[in-house]
Structure formats: structure tokens, C-alpha cells
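To start, the structure under review is shown below, and the notes come after it.
The values are calculated or read from the model by the stated rules, or taken from the named source; none is laboratory data. Quick caveat: nothing in here was measured; it's all calculated off a predicted structure. Here Cβ is always computed from backbone atoms with ideal geometry, including for glycine, and neighbour counts include all displayed protein chains. For accessibility, only protein heavy atoms count, side chains too; no ligands or nucleic acids. Shrake-Rupley method; radii C 1.70, N 1.55, O 1.52, S 1.80 Å.
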Amino acid sequence: MDAYDTGSEARHGADEPRAPEPPAEPAPPLPLHAPLAPANPRTGVAALSLRYQIGAALALAIVAVTVCVHLGMTFLHVAPANAVTKQHGRAIEDWVYPEFEQNWKLFAPNPLQQNIAVQVRAQVLAADGTVRTTGWYDLSAEDGRAIDGNLLPSHTQQNELRRAWDFFTATHGTDNRPVGLRGALSETYLRRIVVMRLDRDDAAGSGGSVERVQVRSVSTNVRPPDWSQEQVSDKPAYRELPWWAVTSDDRVGGAR
């Protein structure tokens, strides 16, 4: 053996047997039925179970039908009088009013250029038998404060008082006398609203009761822009209605 031989043969000699190598680990057996990844995984509604798919389909169908009905009702509301509106006019109005009213004043040739505030005062019978007259309550300002900064103001806060006043002025002349059969209805509607608001503001005080109310409007012209040459008066115009006696049906909880 050469003196420079190295390796295992040099250490053990040429004739010495080599140590057996450790056996290799057997490979894991392959599964008989290996699952195959789906080529196109389901997404959206198709990924839901059958029960949820049926629920989603019903929900989509209800939404689609509601949208179609709403569009049809709105079209019939703004369309000229026809056979359908004459026969089903009440149903169309019940659907549209008051939430879906179509108001085109913004697009009129001369849009509304006034701020109209509705105010009320009351004659109160106190617990000791004396009668006093309250100051003016600015109901429109109260609604404005409730709406200001409110992301989801209620329909009552936005339109109840305004619509009641518009209803009254549309059914009464400048002398505050009713014109047509709906005049008395508009008076009752407006009176009940202001009595409810006075009760909310505790105008009668402890043990008192509101006996009569008086409503007025304050109209102020909207100032034109600085670049306009239009001149308008900045003085408010008042329209005072006569005193109305408050009945038991007008009080909160009196009407059913």
C-alpha cells in the first residue's frame, strides 16, 4: 500500500471489509385516489349552498319587482291624465306621497326665492285660572336645528310643517278664508301640528293647557349674489292667521 494513500482504504487496509451503508428510507406510498384541484373555483352566489342560493335569488327578485313597480308608479304620477291614472289614481298617490313627491320648483322659470318660517303662539290657561299669551315659537327654526348636522333627518323634520303650510295656503285666499272643500281639512291639519309642537316645547307649563293658538308666516327674500344687479327688499313679510280654538281632538293623544 502506498504511503500516501488516503481515505477509508488507507485507514482500514485494502483487505478490510467496508462498513455497510444505512438502508435508504422507502418513499411514501401514493394515495389511490388523489384529489384534483378544481380548474375554475366557484365564486359569488355560485359558491353558496343551495339554500342560500335560493334565498339570494328570492331577494334579487323582490328588489327587481319593487324597482319596476316604483318606476311605473313614478311614470304614471308625472304622466298626463290617462285611463290608468283615472282608474288607479288613489293607489298611485298613496305610493308616491309623501316620500317620493315629485317637486319641480327648482327647475321652474322663476324658482322659489324666499325663506318662509312658520311660527305659532298660544293662549294658555294656567293652573291658577289665569290666562297668558306666550311668545312666538319659531317651529321652522326648530326643524332646521334638528336637521343641521343630521346625516339621516326624518321625513317629519324635513317636510311635515312645510307641507302643512303649503297645504293651507293652497286652499285659502289672501284673506285667510277657505277656498274649496279642503280648506277645513288643511286648517285642522295645521292646527294639530302646532298644538303637538307646543306640547313638545311645554308651552303650557305645569298644570296648564293650551286654549287657543295663532299661526303666522315670516317670508324673507333670499339675497341675490354679489355680481347680480337685482335689488330685493330685506324686510320680512308677515302673514298672521286668526286665533283658533283648540279642541280636545287637537290635543296630543286626543285623536284616534
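Got a sec? Which of Ser219, Ser233, Ser248 is touching a Gly at 6+ places or on another chain (Cβ under 6 Å) and among the small types (Gly, Ala, Ser)? Quick ask: steps written out before the conclusion?
Values: Ser219 fails: touching a Gly at 6+ places or on another chain (Cβ under 6 Å); Ser233 fails: touching a Gly at 6+ places or on another chain (Cβ under 6 Å).
Ser248 is the lone residue from the list that is touching a Gly at 6+ places or on another chain (Cβ under 6 Å) and among the small types (Gly, Ala, Ser).
Going through the range 221-256 one residue at a time, which ones are among the hydroxyl-bearing types (Ser, Thr, Tyr) and modelled with pLDDT of 95 or more? Show your work before the answer.
The initial filter retains those residues of the range 221-256 that are among the hydroxyl-bearing types (Ser, Thr, Tyr), namely 228, 233, 238, 247-248.
If the condition is that a residue be among the hydroxyl-bearing types (Ser, Thr, Tyr) and modelled with pLDDT of 95 or more, then Tyr238 is the only one that fits.
Which residue pairs have Cβ atoms closer than 6 Å, lie 6 or more positions apart in sequence or on different chains, and pair a first residue in the range 75-98 that is within 20 Å of His155 (Cβ to Cβ) with a second residue that is open to solvent by less than 90 Å² (accessible area, probe 1.4 Å) and among the hydrophobic types (A, V, I, L, M, F, W, C)?
His77/Ile92; His77/Val96; Ile92/Met73; Ile92/Leu76; Trp95/Met73
Please give the number of the condition Ile54 fails out of (1) assigned to a helix (DSSP H, G or I); (2) without any contact (Cβ under 8 Å) to a residue 12 or more places away in the chain; (3) under 28 Å from Arg162 (Cα atoms).
(3)
Looking at the range 171-182, can you tell me whether even one residue there is in a loop (DSSP other than H, G, I, E, B), closer than 20 Å to Leu139 by Cβ and not β-branched (Val, Ile, Thr)?
Scanning the range 171-182 turns up at least one residue that is in a loop (DSSP other than H, G, I, E, B), closer than 20 Å to Leu139 by Cβ and not β-branched (Val, Ile, Thr).
Identify the single condition in (1) over 30 Å from Ser233 (Cα atoms); (2) at pLDDT below 85; (3) not hydrophobic (A, V, I, L, M, F, W, C) that Asn103 does not satisfy, given that it satisfies every other one.
(1)
Looking at (1) at pLDDT below 95; (2) not in a helix (DSSP H, G or I), which is the one condition that is false for Phe167?
If we test Phe167 against (1) at pLDDT below 95; (2) not in a helix (DSSP H, G or I), just (2) comes out false.
Out of Pro80, Pro111, report the one residue that is modelled with pLDDT of 75 or more, in a loop (DSSP other than H, G, I, E, B) and of a type outside the set (Lys, Arg). Walk me through how you get there before you give the answer.
Working: Pro111 fails: modelled with pLDDT of 75 or more.
Of the residues listed, the single one that is modelled with pLDDT of 75 or more, in a loop (DSSP other than H, G, I, E, B) and of a type outside the set (Lys, Arg) is Pro80.
For the range 198-210, does any single residue satisfy the condition of being out of contact with any strand residue (DSSP E or B) (no Cβ under 6 Å at 6 or more places or on another chain), in a loop (DSSP other than H, G, I, E, B), open to solvent by less than 50 Å² (accessible area, probe 1.4 Å) and of a type in the set (S, T, N, Q)?
No, that holds for no residue.
Could you please find all residues in the range 240-254 being open to solvent by 40 Å² or more (accessible area, probe 1.4 Å) and either touching a residue at least 60 places away in the same chain (Cβ under 8 Å) or over 21 Å from Ile116 (Cβ atoms) (or both)? If you could, list the steps in order and put the result at the bottom.
Going through the range 240-254, the residues open to solvent by 40 Å² or more (accessible area, probe 1.4 Å) turn out to be 240, 242-243, 245, 247-249, 251-253.
Listed by number, the residues that qualify are Pro242, Trp243, Ala245, Thr247, Ser248, Asp249, Arg251, Val252, Gly253.
For the range 137-152, state whether one or more residues are more than 26 Å from the chain's Cα centre (by Cα) and either on the phi < 0 side of the Ramachandran plot or assigned to a helix (DSSP H, G or I) (or both). Lay out the reasoning, then the answer.
Just the residues of the range 137-152 that are more than 26 Å from the chain's Cα centre (by Cα), to begin with: 137.
The next check asks that each one be either on the phi < 0 side of the Ramachandran plot or assigned to a helix (DSSP H, G or I) (or both); those that pass are 137.
For the range 137-152, residues more than 26 Å from the chain's Cα centre (by Cα) and either on the phi < 0 side of the Ramachandran plot or assigned to a helix (DSSP H, G or I) (or both): present.
Looking only at residues in the range 211-239 that are within 20 Å of Ala141 (Cα to Cα) and assigned to a loop (DSSP other than H, G, I, E, B), which one is most open to solvent (accessible area, probe 1.4 Å)? Spell out how you get there, then give the answer.
Step one: filter the range 211-239 for residues within 20 Å of Ala141 (Cα to Cα), giving 213-223, 234-239.
So of that shortlist, the ones also assigned to a loop (DSSP other than H, G, I, E, B) come out as 222-223, 234-236.
Working: Val222: 69, Arg223: 195, Asp234: 118, Lys235: 151, Pro236: 58 Å².
Looking at the filtered set, the residue picked out is Arg223.
Out of all the residues in the range 123-130, is one or more over 30 Å from Gln231 (Cβ atoms), outside any helix (DSSP H, G or I), open to solvent by 50 Å² or more (accessible area, probe 1.4 Å) and acidic (Asp, Glu)?
Taking every residue of the range 123-130 in turn, at least one turns out to be over 30 Å from Gln231 (Cβ atoms), outside any helix (DSSP H, G or I), open to solvent by 50 Å² or more (accessible area, probe 1.4 Å) and acidic (Asp, Glu).
For every residue, the table says whether it meets (1) open to solvent by 60 Å² or more (accessible area, probe 1.4 Å); (2) aliphatic (A, V, I, L, M).
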position	(1), (2)
Thr134	no, no
Ala141	no, yes
Thr156	yes, no
Leu185	yes, yes
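Out of Gly72, Gly55, report the one residue that is modelled with pLDDT under 90, of a type outside the set (A, V, I, L, M) and out of contact with any Pro (no Cβ under 9 Å at 6 or more places or on another chain). It would help to see each step written out before you state the result.
On the way: Gly72 fails: modelled with pLDDT under 90.
Going through Gly72, Gly55 in turn, the sole match is Gly55.
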